[in-house]
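The values are calculated or read from the model by the stated rules, or taken from the named source; none is laboratory data. Remember, it's a predicted structure, so these values are computed and weren't measured experimentally. Methodologically, a virtual Cβ is constructed for each residue, glycine included, from the backbone with ideal geometry; neighbour enumeration extends over all protein chains shown.
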Amino acid sequence: MDQKSQAYKAYFLGPMAENEAWVRGEFQGILEHWFQWRKQLFPGDARVSEKPERRTPAYLEARERMIAGLEELTELLEGEVPKFTPRYIGHMVSELTLPALMGHFAMLLHNPNNTSRDASRIGSVIEVEVIAMLAEMLGFDPSQATGHITGGGTVANFEAVWRARFRQDHWLSLMLYLAEKRNITLDLFEGAHMGWQRFGELLAEHEVPLDDLREFSCVATNPYEFGERMTKAFGQPYRGPVMLVPENKHFSWTKATNIFGYGEHAFWPVPLDGQGKMDVAALELLIEQAKIEGRPISMVVSVAGTTETGEIDPVDQVQGILNAAKRRHGWDIWHHVDAAYGGFLCSLLRGKPSSVLSVSNAAALGAIGEAHSVTIDPHKLGYVPYSCGAIITRNEQAYAVSSFKAPYLERQLEVPDKWSTTLEGSRSAAGAAATWLTGKTMGFDTAGLGGVIEETIVACRVFKKRVGAELPFVRFLNPSETNILCYSLAETGGSLKASNATTEAVFDRFVECPDFSVSKTTLSNKAHRKVIDRHVKAFGGVVDDDRLVLIRCVFMNPFWRETEVADRLTGDIIRYLEAWYGSGA
Ligand SMILES: *Cc1c(COP(=O)(O)O)cnc(C)c1O
């Protein structure tokens, strides 16, 4: 028996609760410890109830109500979507790991609110430690990187926008100050990306007191008045910053332009190539366009693991373009990587090397550590319970926000309470504990979590190969390099419109069928024209529709690596697809 392949079976309860015996003991142990902690900490304190009081009708009635209520809840939960089983390949969730569940549960009972150190002596320390573990996995220097756990990837993306805006606001304030007070007008685009070093030099050269900049700040004063003053100072209409985000973006980016008051027109989509990845040549053109229009670039975003198809943008090439812009022109442009889904693929780069990633994807993931900020969701590929995302920045300087101070001047060595620098106020430490225990026990490398993820990618490929061999009408979306697999159903030479109708109908049959959960995604011609052309061309079809309907399977469940599981479930899916397709769905 292959030793390596057995270790993972300890990390999950198992679809048939195979690990029930010892896991029950461990969860009881958590409760046991919780009871003992209470009893032992202040043993001389008064007890608030004794046996006779616990026999009164009021007490007994209250207890019965809770027991009945809990029974009702657990019965209701039997109707919940069963995400633990390998039959669930719907969205980016699956069986959770035991360390994550145990860490989450243990912390839940102690319930620290991670807003401040006095509310959370242990939770806040665990958070610092887990951020360092994630930072190291992502390729940052863990002694420099910082960040915090968020409610999810959406909030983590907002945290990055907030920080990038804070930084650029300093540079814009100084420009407005110099223009209004000293009659010195810098080039608008160059100034908006001047970098902290140039900022410091200009402050010194013109003897500008930092505190005076407050009255020249967009965020600290009034954005409309700021716009008018900028228009006047620079002799061209000031229309605010733009965000350069690939068309394969998650909804959270449109929400961000909206919430941060940039307006949705500030969202400049970067076109995609035929594989659905950011087209870096198009990115260069858009940077040029922003320069011509005098629009500050708030940030450039690349996506590592798109929500729809799991594709990884060439993060390394994006970083290369920004590095070159800095070298050649001195432009310091913020690079954020939205690795909400794919961030944990970096665990495949740590430890014994894995060959499952393509060279280009390994290079893209390997460059994440050069970005200013990264979003990663432990509650997706980290196999941790909701709700747990994280924002990580390269260093303290990139983390700075909210108070009008120059982070390059004052390096706070003491870690401050987080509440003043997080978008969310109160934050649970349960997600931090769950991720921490995962890192401590499984580890974020190929010997641990990375090995589990690696096998899910292999399982996805095995599934694709067998289905592709047996069902010629299943058209896989290329390249599907991770564990997300999308396909449409089409006859050779058929029309896209007919194919979309069939795929949709077959998807509806999946929805009705209790045996499997899959999801559906629809790519629009606006964002994915090249992808759609390529896909339809591959089966010699005709593009007569403006969208491509795909059935989407996320192979996150670790048990698909078991041959017996995979053979049986793949066989069932093949029979269903054959029957539904054959009957015209
Ligand atoms: C899931 C996802 C998000 C949003 O994360 P939530 O945790 O759902 O808020 C953002 N970006 C990408 C690429 C995602 O896959």
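Of the residues that sit in region 358-396 and are part of a helix (DSSP H, G or I) and more than 21 Å from Arg163 (Cα to Cα), which one is farthest from the ligand (Cβ to nearest atom)? Spell out the reasoning first.
At the first step, the residues of region 358-396 found to be part of a helix (DSSP H, G or I) are 359-366, 368-370, 396.
The next check asks that each one be more than 21 Å from Arg163 (Cα to Cα); those that pass are 359-366.
On the way: Val359: 22, Ser360: 19, Asn361: 15, Ala362: 19, Ala363: 19, Ala364: 14, Leu365: 14, Gly366: 19 Å.
The selected residue is Val359.
Would you check which residues across region 34-44 are within 24 Å of Met107 (Cβ to Cβ) and without any contact (Cβ under 8 Å) to a residue 12 or more places away in the chain and list them?
Hits for region 34-44 are Phe35, Gln36, Trp37, Arg38, Lys39, Gln40, Leu41, Phe42.
For the structure I just gave you, tell me whether Trp37 is within 34 Å of the chain's Cα centre (by Cα) and among the aromatic types (Phe, Trp, Tyr).
So Trp37 does not fit the description; no.
Just to be sure I understand the filter: pairs with C-beta atoms under 6 Å, separated by 6 or more residues or on different chains, first member in region 322-347 and touching a residue at least 60 places away in the same chain (Cβ under 8 Å), second member of a type in the set (D, E, K, R) and within 15 Å of the ligand (Cβ to nearest atom). Which pairs pass?
Ala340/Asp377; Tyr341/Lys380
If you scan region 502-540, which residues turn out to be more than 25 Å from Leu272 (Cβ to Cβ) and without any contact (Cβ under 8 Å) to a residue 24 or more places away in the chain?
Within region 502-540, Val511, Glu512, Pro514 meet the criteria.
Among the listed residues Ser583, Ser480, Ser499, which satisfies the condition of being of a type in the set (Ser, Thr, Tyr) and under 29 Å from the mean Cα position of the chain (by Cα)? Outline the logic, then answer.
On the way: Ser583 fails: under 29 Å from the mean Cα position of the chain (by Cα); Ser499 fails: under 29 Å from the mean Cα position of the chain (by Cα).
Checking each option against the conditions leaves just Ser480.
Identify, please: which residue in region 527-585 is closer than 14 Å to Glu491 by Cβ and among the aromatic types (Phe, Trp, Tyr) and is, among those, surrounded by the fewest Cβ atoms within 10 Å (Cβ to Cβ)?
Filtering first and then ranking leaves Phe539.
If you take the residues in region 125-153 that are within 16 Å of the ligand (Cβ to nearest atom) and surrounded by 20 or more Cβ atoms within 10 Å (Cβ to Cβ), which one is farthest from Ser426 (Cα to Cα)?
Leu138
Just checking, how many residues over region 39-71 are surrounded by 10 or more Cβ atoms within 10 Å (Cβ to Cβ) and either among the aromatic types (Phe, Trp, Tyr) or within 26 Å of Leu98 (Cα to Cα) (or both)?
Matching residues across region 39-71 total 3.
Here is a yes/no grid of residues against (1) buried (at least 20 other Cβ atoms within 10 Å of the Cβ); (2) within 14 Å of the ligand (Cβ to nearest atom); (3) in the same structural domain as Arg534 (by TED's automatic domain parsing); (4) among the small types (Gly, Ala, Ser):
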{"position": "Asp273", "(1), (2), (3), (4)": "no, no, no, no"}
{"position": "Ala282", "(1), (2), (3), (4)": "no, no, no, yes"}
{"position": "Leu285", "(1), (2), (3), (4)": "no, no, no, no"}
{"position": "Val300", "(1), (2), (3), (4)": "yes, no, no, no"}
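Select from region 204-220 the residues that are assigned to a helix (DSSP H, G or I) and closer than 17 Å to Phe166 by Cα and write down the one among them that is farthest from the ligand (Cβ to nearest atom). So that I can check it myself, show each step before the final result.
Kept after step one, since they are assigned to a helix (DSSP H, G or I), are these residues of region 204-220: 204-205, 210-216.
When the remaining residues are screened for being closer than 17 Å to Phe166 by Cα, the result is 210-216.
Details: Leu210: 35, Asp211: 37, Asp212: 38, Leu213: 33, Arg214: 33, Glu215: 36, Phe216: 34 Å.
The qualifying residue farthest from the ligand (Cβ to nearest atom) is Asp212.
So, of the residues in region 221-263 that are more than 14 Å from the ligand (Cβ to nearest atom) and among the acidic types (Asp, Glu), which turns out to be farthest from Thr185 (Cα to Cα)?
Glu225
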